[in-house]
Amino acid sequence: MTRPSRVGLSDPGRQLLMLGDQVGEAVERVLGSGVFLAGSESAALEGEFAAWLGRDAGLCVSSGSSALESMLYALGVGSGDAVAVTSNLDISAVAPIVRLGAEPAWVDVVPGTTGMSVDDLDARWDGRIRAILLVHTHGYPAAAQAAARLGREKGVPLIEDITHAPGAWLGGERVGTFGRAAIMSCAPTKPLAAVGSLGLIAADDTRLIRRAREYASYGFELAALEALHRGQAGPHFDYVTAGINGLPDELSAAIVRAKLPLMDGWADRRRAKATLYDDIFARVGRVRAVPVGCPSKSGSAPRSYVILAEDRDGLAKALEARNIGVSYNYVPSLHRQRIFAADDPVALPATDRLDDTILGLPNAPENRDDETEYVLEVLECLLTQPGGG
C-alpha cells in the first residue's frame, strides 16, 4: 500500500480549499465593510444557524467557551450552583462553569460509550444542580431525550454541546434540538471550523438569547450598545452586568456561513467512513479493540472514529509510526486533574476506563479516499497480527 505523508485527524487548510472562491469572496466582503467584530456576517450567521437547527433564534460569539458561559449566565447559573456534566472533556467545556462561581457535578458515562449516563445522573442528583450540560462527544449522540426528560422532572434546563456533532441525528431529530439551548465551538479543528475563534448558540426563547447577548457584549444594555454602533451621540455606556468580551470575529463568521450548508453532506461522509471502520471490526472481531457505542450509531457523525483498545499505547505508537494521526481525547479526564481532584474526589469507573483505553482515529471529510483506505488497511493489519504492532 502507498504510504501518505500524513493522515491527520483534521486538515483546516485543505477544508478551506474545498470552499473554492467562497473564501476570497468572504474576505472581500469583510474587508470591504470595514466592520470586523459583531457585524452583518455575524448577524446573518445567527439566523442561518438557528434555521439550520430548526430553532427560533441564534447568537454568534467569540468562542465555544463564551457561548457556554453566556448561556449559563442567561439561565441564572451562579455562585453556589452546580452544573451536571461528564468528565472526559476538554476543560473549555467546564471552565465557564467555574468562572461563574458554580461547580461541575460530575456524572459517569454509559460503559463503553463517551455519553452521559442519565441513570447515573439521577442517582447522583444534587439539589444544587441548576443545569445539565450534555456533550455529544466525538460526534456520537448522547442520550438527549432521557436527559431532557430528567431535566423536566427536576425543573432544570438541558444545554446540548453539539461542537463535535453537527449533522448528527437522534430519534429522527437533529442533535441540538432537545434542550433549552444548543451551543457550539467553531475553533479551527472542529467540524464546523472558523479561521479563528467563534462560538454559536441556538434556542427557542428569545429572552434567553437577549440575556446571553448582553453578557457576551461586556454586559451592555442592548439598546445602548446599538446606539453606540450607530454612532449616536449620548451617554450610552449603560451596563446591566459585568459581562465578557464575547464579540464575534466577522471573517470567521463569514467562513462558517460558507461551510454551514455543507455540514449535512460532510456528516454523511463521516458516517460513510465510519461504516468502513465498522466493517473491519465485523471481520477481525473485537478482541483487541471495540468501537465506542452510542444510542444511535446510525445517526452519529463521528468527528473521529473512537475505539477502546486494551493496548491503546502500543496501537497508537504503531499507527503514528505509519504516519496516521491519533488522539487521546480527553486524557486524563477532568475529575482526575489536580485542579478538581483535590477538592472532592469522585468515583467514575466507566470514565476511568475511557482514560485507559480511548483512542481516536482519522475520520475527517476532507481526508481523501486513498488516505482513508490506507488507514483501514493498516488498522486491520495491526489488529490481526501477533502483538498488534
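Values as computed for the structure displayed
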| item | result |
| --- | --- |
| Single match in Val375, Val331 (criterion: among the aliphatic types (A, V, I, L, M), more than 18 Å from Gly112 (Cβ to Cβ) and surrounded by 13 or more Cβ atoms within 10 Å (Cβ to Cβ)) | Val375 |
| Qualifying residue in the stretch 165-188 (condition: outside any loop (DSSP other than H, G, I, E, B), buried (at least 24 other Cβ atoms within 10 Å of the Cβ), at negative phi and in contact with a Phe, Trp or Tyr (Cβ under 7 Å, 6 or more places away or on another chain)) | no |
| Subset of the stretch 368-385 [part of a loop (DSSP other than H, G, I, E, B) and not basic (Lys, Arg)] | Gln385 |
| Every pair of residues 6+ apart whose Cβ atoms lie under 6 Å, when the first sits in the stretch 39-59 and is over 15 Å from Pro248 (Cα atoms) while the second is among the hydroxyl-bearing types (Ser, Thr, Tyr) and in a helix (DSSP H, G or I) | Ala57/Thr206 |
| Of all residues in the stretch 320-367 being among the charged types (D, E, K, R) and assigned to a loop (DSSP other than H, G, I, E, B), the one that is farthest from Asp120 (Cα to Cα) | Arg322 |
| Any hit, the stretch 2-9, residues being touching a Gly at 6+ places or on another chain (Cβ under 6 Å) and assigned to a loop (DSSP other than H, G, I, E, B) | yes |
| Subset of the stretch 273-290 (residues that are surrounded by fewer than 13 Cβ atoms within 10 Å (Cβ to Cβ) and among the aliphatic types (A, V, I, L, M)) | Ala282, Val287 |
| Single residue of Glu221, Glu226 found to be over 21 Å from His138 (Cβ atoms), buried (at least 16 other Cβ atoms within 10 Å of the Cβ) and out of contact with any helix residue (DSSP H, G or I) (no Cβ under 6 Å at 6 or more places or on another chain) | Glu221 |
| Of residues in the stretch 310-341 being aliphatic (A, V, I, L, M) and either closer than 21 Å to Ser92 by Cβ or in contact with a strand residue (DSSP E or B) (Cβ under 7 Å, 6 or more places away or on another chain) (or both), the one modelled with the lowest pLDDT | Ala341 |
| Criterion (at pLDDT 95 or above and in contact with a helix residue (DSSP H, G or I) (Cβ under 7 Å, 6 or more places away or on another chain)) met by exactly one of Ser70, Ser62, Ser79 | Ser70 |
| Complete set of residues in the stretch 189-219 that are within 17 Å of Ser42 (Cβ to Cβ), in a loop (DSSP other than H, G, I, E, B) and of a type in the set (Ser, Thr, Tyr) | Ser197, Tyr218 |
| Residue satisfying condition, being of a type in the set (S, T, N, Q), in the same structural domain as Gly115 (by TED's automatic domain parsing), within 20 Å of the chain's Cα centre (by Cα) and under 23 Å from Val35 (Cβ atoms), within set Ser197, Ser217 | Ser197 |
| Within the stretch 299-318, tally of residues that are within 15 Å of Trp169 (Cα to Cα) and either charged (D, E, K, R) or more than 19 Å from the chain's Cα centre (by Cα) (or both) | 1 |
| Some residue of the stretch 14-29 being in contact (Cβ under 8 Å) with a residue 40 or more places away in the chain, part of a helix (DSSP H, G or I), crowded, with 21+ Cβ neighbours inside 10 Å and outside the structural domain of Ile358 (by TED's automatic domain parsing) | yes |
| Residue satisfying condition, being under 22 Å from Val256 (Cβ atoms) and surrounded by 24 or more Cβ atoms within 10 Å (Cβ to Cβ), within set Asp161, Asp204 | Asp161 |
| Complete set of residues in the stretch 334-372 that are loosely packed, with under 14 Cβ neighbours inside 10 Å and under 22 Å from Gly285 (Cα atoms) | Asp356 |
| Odd one out for Leu9, checked against (1) within 26 Å of Pro96 (Cα to Cα); (2) within 18 Å of the chain's Cα centre (by Cα) | (1) |
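The values are calculated or read from the model by the stated rules, or taken from the named source; none is laboratory data. If you're wondering where the values come from, they're calculated on a predicted model, not measured in any experiment. Heads up, the Cβs are rebuilt from the backbone with ideal geometry, glycines too, and the neighbour counts pull from every protein chain shown.
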